[in-house]
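Report on the following structure.
The values are calculated or read from the model by the stated rules, or taken from the named source; none is laboratory data. The structure displayed is predicted, hence computed values, not measured ones. Here Cβ is always computed from backbone atoms with ideal geometry, including for glycine, and neighbour counts include all displayed protein chains.
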Amino acid sequence: MYSQGDTKSYRNFLIVGLIFNIILNPIFIFGLFFIPAFGIAGLAISTILIQFAGCVYLFLKVNKTELKIVLKIENFYPRRNFLTNIFYQVIPITFSLFLVAIGSFILLFFISIFGDPAIAGYGAAIRFEHLFTLPVIGLNTAVISIAGQNFGARRFDRIREAYFKALSIGVIIMCFASVIIYLFSESIIYIFSNDLEVIKFGSQYLKIAAFIIPTYPVFFISNAFFTAVKKTSLIFYNNLFRLVILPAIVVWSILNIFNGEFQDIFFGLLYMNWIFGFFVLLLVRIVMIKKF
């Protein structure tokens, strides 16, 4: 549906699914009328019901497009060339997502040196920060759809236009988000905890992260570009260096060589992200010259 320009149907499912989660979760956890109390298992039951309804809805929406799903036995025959092409596209992205988890683990390992309040403050802050990355994820999806389609049509001018427009929009949105995060950093953490130590650590992170997040569109949208032009291996190497190798070196050096404090970790990551962001822009430019 994304490839055909329909980004609303899945959005509608997510919104309705959220509403029904709010309604069904307490019903299946605590019980209501003839529905018994399932406890924590009620969360799983409501999730299964909502996901099943979503699958039916999206299946019907797809069948209203030109890409109708016809269940014929020949449609299930493996096509080697087709599957091989998908395999080589998917594997680097799969491992790059795996690197995201590894990078988070490494960072938490270093943060744990400063105790449980530091972990709690960072954990609360990062969840709120993720809310502001959602528009960039949306731009990522849009660029993959538009750029991928135009790469097949060899309309390279449209790919450039989509990339740079999405990048500009993403940076503007993130700059506004930076102001909000910086000004309300303490109030944001207070929503999750009233522990002064937790608030201090979480606020320290958010005030520095406010200057990091304008670089996020560069990474998200560049990864969308690499996906569209079938250069997914570059996504793997980007994540390997940006999320694992460089942060491990930078943070270890700050803590062990320069005897840095909690906030110094993120000052180091701030400089690293900005420098690496310019490198990624240069890499995109090189790929555009070679591919186009």
Tell me, which residue of segment 190-232 that is polar (S, T, N, Q) and more than 18 Å from the chain's Cα centre (by Cα) is farthest from Lys291 (Cα to Cα)? Asn194
Tyr57 versus (1) in the same structural domain as Arg242 (by TED's automatic domain parsing); (2) more than 30 Å from Lys200 (Cα to Cα): which is the lone unmet condition? (1)
Restricting attention to segment 190-198, does a residue exist that is of a type in the set (Val, Ile, Thr) and modelled with pLDDT of 90 or more? no
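Given Gly17, Gly42, which one is over 27 Å from Ala142 (Cβ atoms) and either part of a helix (DSSP H, G or I) or touching a residue at least 24 places away in the same chain (Cβ under 8 Å) (or both)? Walk me through how you get there before you give the answer.
Values: Gly17 fails: over 27 Å from Ala142 (Cβ atoms).
Residue meeting the stated conditions: Gly42.
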Unmet criterion (only one of (1) in a helix (DSSP H, G or I); (2) surrounded by fewer than 14 Cβ atoms within 10 Å (Cβ to Cβ)) for Glu66: (1)
Just checking, does segment 56-67 include any residue being touching a strand residue (DSSP E or B) at 6+ places or on another chain (Cβ under 9 Å) and at pLDDT below 90? no
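Within 20 Å of Trp274 (Cβ to Cβ) and buried (at least 17 other Cβ atoms within 10 Å of the Cβ): does that describe Val179?
Values: within 20 Å of Trp274 (Cβ to Cβ): yes; buried (at least 17 other Cβ atoms within 10 Å of the Cβ): no.
Criteria not met by Val179.
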Tally up the residues in segment 66-102 that are among the aliphatic types (A, V, I, L, M), within 23 Å of Gln4 (Cα to Cα) and not assigned by TED's automatic domain parsing to the domain that holds Gln4, please. 4
Hits in segment 72-105 - residues which are among the aliphatic types (A, V, I, L, M) and crowded, with 18+ Cβ neighbours inside 10 Å: Leu99
Among residues of segment 243-292, those that are within 21 Å of the chain's Cα centre (by Cα) and among the β-branched types (Val, Ile, Thr), counted: 5
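Kindly evaluate Arg127 against the criterion of being surrounded by fewer than 17 Cβ atoms within 10 Å (Cβ to Cβ), in the same structural domain as Lys230 (by TED's automatic domain parsing) and within 21 Å of Leu14 (Cα to Cα). Spell out the reasoning first.
Numbers: surrounded by fewer than 17 Cβ atoms within 10 Å (Cβ to Cβ): yes; in the same structural domain as Lys230 (by TED's automatic domain parsing): yes; within 21 Å of Leu14 (Cα to Cα): yes.
So Arg127 passes the test.
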Take Thr84 and decide whether it is hydroxyl-bearing (Ser, Thr, Tyr), over 29 Å from Ile15 (Cβ atoms) and in a helix (DSSP H, G or I). yes
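Residues that are buried (at least 16 other Cβ atoms within 10 Å of the Cβ) and among the small types (Gly, Ala, Ser), at least 2 per element: which helices (runs of 4 or more DSSP H) completely within segment 223-292 meet that?
262-291
Residue under question is Phe220, and the condition is that it be buried (at least 19 other Cβ atoms within 10 Å of the Cβ), in contact with a helix residue (DSSP H, G or I) (Cβ under 7 Å, 6 or more places away or on another chain), of a type in the set (Phe, Trp, Tyr) and in the same structural domain as Ser187 (by TED's automatic domain parsing); does it hold?
Numbers: buried (at least 19 other Cβ atoms within 10 Å of the Cβ): yes; in contact with a helix residue (DSSP H, G or I) (Cβ under 7 Å, 6 or more places away or on another chain): yes; of a type in the set (Phe, Trp, Tyr): yes; in the same structural domain as Ser187 (by TED's automatic domain parsing): yes.
When the stated conditions are applied, Phe220 passes them.
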The correct count of residues that are more than 29 Å from Ile159 (Cα to Cα) and in contact (Cβ under 8 Å) with a residue 40 or more places away in the chain in segment 262-292 is 7
Pairs, please: C-beta under 6 Å, at least 6 apart or cross-chain, first residue in the same structural domain as Ile212 (by TED's automatic domain parsing) and in segment 132-154, second in a helix (DSSP H, G or I) and basic (Lys, Arg)? Asn150/Arg158
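Residues being in contact with a Ser or Thr (Cβ under 8 Å, 6 or more places away or on another chain) and either farther than 24 Å from Ala177 by Cα or surrounded by 18 or more Cβ atoms within 10 Å (Cβ to Cβ) (or both): count how many of those fall in segment 106-124. Walk me through it before giving the result.
Applying the first criterion (in contact with a Ser or Thr (Cβ under 8 Å, 6 or more places away or on another chain)) to segment 106-124 yields 118-121, 124.
Next, from what is left, pick out any that are either farther than 24 Å from Ala177 by Cα or surrounded by 18 or more Cβ atoms within 10 Å (Cβ to Cβ) (or both): 118, 120-121, 124.
Matching residues across segment 106-124 total 4.
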